[in-house]
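The values are calculated or read from the model by the stated rules, or taken from the named source; none is laboratory data. Since we're looking at a predicted model, the values are computed, not measured. Ideal geometry is used to build each Cβ from the backbone, glycine not excepted, and the neighbour counts take in all protein chains shown. Just so you know, the surface numbers come from the protein's heavy atoms only, side chains and all, with ligands and any DNA or RNA stripped out. Shrake-Rupley method; radii C 1.70, N 1.55, O 1.52, S 1.80 Å.
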Amino acid sequence: MTVGRGSAVILGAAAIVLMVVVFHCGVAEAATYTVGDDGGWSFFVSGWPQGKRFEAGDVLVFKYNPSFHNLVKVNEAGYNECTTPSGSKFYRSGKDQIKLVKGQNYFICSIPGHCLAEMKISVNAV
């Protein structure tokens, strides 16, 4: 049996389709979450992550009034103690978008008294 040009074209097309399917199935799109939902980044938001599944690469959107609040990415000690250790990253736009890294991600508002009023979240990204 001889294989002609038509068979080679069909085999090539089938290989391309297979690669596209494998690539499409292997690429997951990152999800975007608005922290605090309609209430935004505000007091008593610490329970907001409960019941949600986050993945590395997902984006958290923090919406707040920058005249009254801020956002600080801190380490575990900063989260637990409501402090901003050296190396903490400050955000002040009122519409910050933060891509989650694998593992625990900690965020607080550093305005005095705000973190103590549960304006903080801890998010685990798998």
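The table that follows gives values for the structure above.
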quantity	calculated
The lone exception for Val123 - which of (1) in a helix (DSSP H, G or I); (2) open to solvent by less than 20 Å² (accessible area, probe 1.4 Å) it fails	(1)
Residue among Phe54, Phe43 that alone is surrounded by 14 or more Cβ atoms within 10 Å (Cβ to Cβ) and closer than 15 Å to His114 by Cα	Phe43
Subset of segment 73-84 [over 15 Å from Gln104 (Cβ atoms) and among the β-branched types (Val, Ile, Thr)]	Thr83, Thr84
Leading residue by the ranking (most open to solvent (accessible area, probe 1.4 Å)) among those in segment 98-114 that are part of a loop (DSSP other than H, G, I, E, B) and either aromatic (Phe, Trp, Tyr) or in contact (Cβ under 8 Å) with a residue 24 or more places away in the chain (or both)	Lys102
Selection within segment 28-40 - on the phi < 0 side of the Ramachandran plot and either of a type in the set (S, T, N, Q) or crowded, with 16+ Cβ neighbours inside 10 Å (or both)	Thr32, Tyr33, Thr34, Val35
